[in-house]
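To start, the structure under review is shown below, and the notes come after it.
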Amino acid sequence: MTARPRPLALGAGALLAALALTGCVANAPAGSTAGATTVAVEGNGDACTVSTTSVPSGPVTFTMTNAGTDATEFELLASDGLRIVSEKENIGPGTTASLTVAVPAGDYVTACIPGLVGQGVRAPFTVTDSGTAVEPTGSDAERIDAAAAAYVGYVRDQVGQLVPATQEFLDAYTTGDDARARELYPTTRAFYERIEPVAESFGDLDPKIDFREADVEEGTEWTGWHRIEKDLWQPDAADDGGATYVPLTADERARYAAQLTSDTAELHDAVTADDFTVGIDAISNGAVGLMDEVATGKITGEEEIWSHTDLWDFQANLEGARVAYEGVRDVVVEKDPDLVDDVDARLGSLETLLASYGSLESGFPSYTDLTDADKKSLSDAVNALSEPLSRLTSALVS
Amino acid sequence: MTDERGLSRRGLLGLLGTGVGAGVLGAGVGIGADRAVQAHATGTSGASASYPFAGRHQSGITTAAQDRLHFAAFDVAAGTTRDDLVELLQDWSAAAARLTRGLDVSEAGAVGGSPLAPPDDTGEALGLPAAGLTITIGFGPTLFTAADGTDRFGLADRRPAALVDLPHFSGDQLVDAQSGGDLCVQACSDDPQVAVHAVRNLSRIAFGRASLRWSQLGFGRTSSTTRGQSTPRNLFGFKDGTANVRAEDTAAVAAGVWAAAGDGPGWMTDGSYLVARKIRMTIETWDHASLQEQQTVIGRDKGEGAPLSGGTESTAPDFAATSADGSGPAIAVDSHVALAHPDHHGGATLLRRGYNFVDGNDDLGRLAAGLFFIAYQRDPRTQFVPIQTALARSDRMNEYVKHVGSAIFAVPPGARDGGWVGEGLFA
């Protein structure tokens, strides 16, 4: 976390007026597109059956039947499994809903999210090249609205996965399975780190969830992930200002766990509220904001001072920046193709460089294993990317 | 005198579509009369001085030494192509042409751009004059051949023979992180904020193409490069650079500073070679050396700066003179003055342009002080290398100094009007 996040909303009305944001809109009215390929989806509590896993590019109508007992959600995601291409939220038990979307050729992921939280049931989905190019349609304002809506879906998806993952982590922690908790710590935090600027926009939540010890004002209780981190990677006195670390008792563990559960639930409530929206400037500024998080906290090894899992956070921040960027890329490319070229190249370079250290799935080395030269290379690549990335917002409205 | 190029999209992406280009810069729009006083290439600089960036030679060499320095060495980023490198040098030249006139780095500058975009210029020099700013750009050996032997930019066969890899000198304790570099930028000004502003903005322009390897601030010039300047003192408290090459000594400058046609590759003609050495002074031990010891080490008296053989500061040292008690030479053969003197190096001279530095303190609570030595010359093989070899071997001063940083750069000739520094190298 940083002490001074970038503003998520502009005070001036100029940007909003220029973009004519009107809230979330669906990609296309359901069932209205003639000639669309139809894909039937049936989901229940633990299955998500998709009638075909490959369709030609062009309009596709997904018709989802909820055969389960809880409300569900259908998502079509980009191949990274992060970015929402389109989604249909809150499909009641026993009901059917459809979603029509024009998709270009490529690899995708389908997901049913029974109960509306967690990663749901996911499967790969392929769109083959039909020979007909699928171009972005609609005015800038419409496309920006769609991008903002997709981003809201993405934030909800990430927080929706954060909730059960956090619970699994805390269950291990409170039952004393420290090894398991240490294993889950960095991968669970990834859901949070991907959407960190949004989480920080809820003023009092981020301090409770993600403050580092040094961030806490005297007289304020330190809670959240990093409080637990210190208890899982207990420092030697020499590394902790000479103070002998006193492990938390079982009761204390339970109390901090309950607090984090509650704060995470509050975050989930906030992003799933009907009136939760994300301005397009928050998305474009959020992309570079995430890289600022990397530059100020991760590159220095300050974010995960006891676990040294900074590279996991770095990866998640970078993935979040990629999602935010991809959301607005279609609009920016027409206004400023050179800027897009630069961001594409530099984002790709940084992803490749970071991938040379590992991945969220296979793990990363401890940050203390990196040499100064390694860190400088990463820092240089972050600086290189942040410079063009910081110009996205002005390019969007140019 | 103006550089007519705009910055590339990579240099300042925000400039796209704002029409910065030949017409705008060439017309000199926006130069207030108070901010662009044309100064002479010699004489005393001042707050209102402004030196042209373009010209036969780069500024910042024979230019009257300004009071402040920010020197920066850069490494070209992995994946940067020859075209990217050219674009970077064009961007730097375009920015330098503006900055040296006391202008923001671009037309939109610090406050004239989109409120939704980061400003092109970082802004800390708003309202400040050029303050004699010079920006001098050079190329290190590794630009031509990387440390691993690769020829990244197709320049290996264009490396001047004079751009040698400096040998290890006796006593060198070089720190890699404070040595070397593919590119250098020497920013000198009479206002430290102006010099830092220049390096900061050029670093930012380079992001993604080159990154800062090391940089050094200097706060007091230790040499005079023109007759009009008094001789300053280094942190040993002694006048330094009394016998320096001065801009007015045109014969000496021609013989010892500028690379001449036929010296090496044509692209270096009218350029020069820069050697930088970060010399840490253990001033605590120096400060409790007796005055006599200090003077013997230097070979000059501390108050006047006269050679110990007698006379005044400007008197030539007489190495044959004997001391008052007849026990030996008046100027010790292993004094700094004796070992460095041109008479002992076949007339070889250096145009010195160094600065004092204090980088806070070290872990032992000693001031991290010293001299950031900069010397310009026609050929380091016959100038810096033999002189430093002699000094490193037996200079009495070695007891009080430690060389911790070292770098050498080929400084090409100045940009032509509308051109860019290094254009000849890539032609």
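The values are calculated or read from the model by the stated rules, or taken from the named source; none is laboratory data. This structure is a prediction, so every number in the text was calculated from the model and none was measured. Neighbour counts are summed over all protein chains in view; Cβ atoms, including those assigned to glycine, are modelled from backbone coordinates with ideal geometry.
The residues listed here are A:D292, A:D281, A:D275, A:D263; of these, the one that is free of Cβ contacts under 8 Å to residues at least 40 places away in the same chain and assigned by TED's automatic domain parsing to the domain that holds A:T368 is A:D275.
A single entry from B:R209, B:R204, B:R159 fulfils the requirement of being over 16 Å from the mean Cα position of the chain (by Cα) and over 30 Å from A:S394 (Cβ atoms): B:R159.
Does B:D318 qualify as being farther than 30 Å from B:F426 by Cα, among the charged types (D, E, K, R) and under 28 Å from the mean Cα position of the chain (by Cα)?
It is false that B:D318 is farther than 30 Å from B:F426 by Cα, among the charged types (D, E, K, R) and under 28 Å from the mean Cα position of the chain (by Cα).
Please work out if B:A96 is surrounded by 24 or more Cβ atoms within 10 Å (Cβ to Cβ) and assigned to a helix (DSSP H, G or I). Yes; evaluated as a whole, the condition is true for this residue.
Every residue, every condition in (1) buried (at least 21 other Cβ atoms within 10 Å of the Cβ); (2) modelled with pLDDT of 95 or more; (3) in the same structural domain as A:I305 (by TED's automatic domain parsing); (4) within 25 Å of the chain's Cα centre (by Cα), yes or no:
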residue: A:L184; (1), (2), (3), (4): no, yes, yes, yes
residue: A:P197; (1), (2), (3), (4): yes, no, yes, yes
residue: A:E200; (1), (2), (3), (4): yes, no, yes, yes
residue: A:D204; (1), (2), (3), (4): no, no, yes, yes
residue: A:P235; (1), (2), (3), (4): no, yes, yes, no
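With respect to being modelled with pLDDT of 95 or more, more than 9 Å from chain B (Cβ to nearest Cβ) and on the phi > 0 side of the Ramachandran plot, A:G348 falls outside the description.
A quick yes/no check of all residues on (1) more than 14 Å from chain A (Cβ to nearest Cβ); (2) over 29 Å from B:F153 (Cβ atoms); (3) modelled with pLDDT of 95 or more; (4) in contact with a helix residue (DSSP H, G or I) (Cβ under 8 Å, 6 or more places away or on another chain):
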| site | (1), (2), (3), (4) |
| --- | --- |
| B:E4 | yes, no, no, yes |
| B:L12 | no, no, no, yes |
| B:A22 | yes, no, no, no |
| B:A39 | yes, yes, no, no |
| B:Y51 | yes, yes, yes, no |
| B:L69 | yes, no, yes, yes |
| B:V86 | yes, no, yes, no |
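Starting from segment B:198-223, keep only residues that are within 14 Å of chain A (Cβ to nearest Cβ) and farther than 20 Å from B:L99 by Cβ, then list their pairs with residues that are surrounded by 21 or more Cβ atoms within 10 Å (Cβ to Cβ) and of a type in the set (K, R) whose Cβ atoms are within a distance under 8 Å, requiring at least 6 positions of separation or different chains. Going by the 8 Å Cβ cut-off, the qualifying pairs are B:G208/A:R346; B:G208/B:R10.
Of the strands (runs of 3 or more DSSP E) lying entirely inside segment A:81-150, those carrying at least 2 residues that are surrounded by 15 or more Cβ atoms within 10 Å (Cβ to Cβ) and among the small types (G, A, S) are A:96-103, A:106-112. Tell me, yes or no, whether segment A:155-167 has at least one residue that is closer than 15 Å to A:D313 by Cβ, part of a loop (DSSP other than H, G, I, E, B) and in contact (Cβ under 8 Å) with a residue 40 or more places away in the chain. Within segment A:155-167 (the criterion being closer than 15 Å to A:D313 by Cβ, part of a loop (DSSP other than H, G, I, E, B) and in contact (Cβ under 8 Å) with a residue 40 or more places away in the chain), the answer is no, since none of the residues qualifies. Flag set for B:E313, criterion: surrounded by 14 or more Cβ atoms within 10 Å (Cβ to Cβ) and part of a loop (DSSP other than H, G, I, E, B).
Scanning segment A:62-115 for residues that are within 19 Å of A:A150 (Cα to Cα) and acidic (D, E) returns A:E73, A:E75, A:D80, A:E87, A:E89, A:D107.
Residues that are closer than 14 Å to A:L318 by Cα and not in a helix (DSSP H, G or I) were ranked within segment A:358-398; the one that is farthest from the other protein chains (Cβ to nearest Cβ) is A:L360. Scoring A:G327 on the criteria (1) over 30 Å from A:A181 (Cβ atoms); (2) within 14 Å of chain B (Cβ to nearest Cβ); (3) modelled with pLDDT under 95 leaves a single failure, condition (2).
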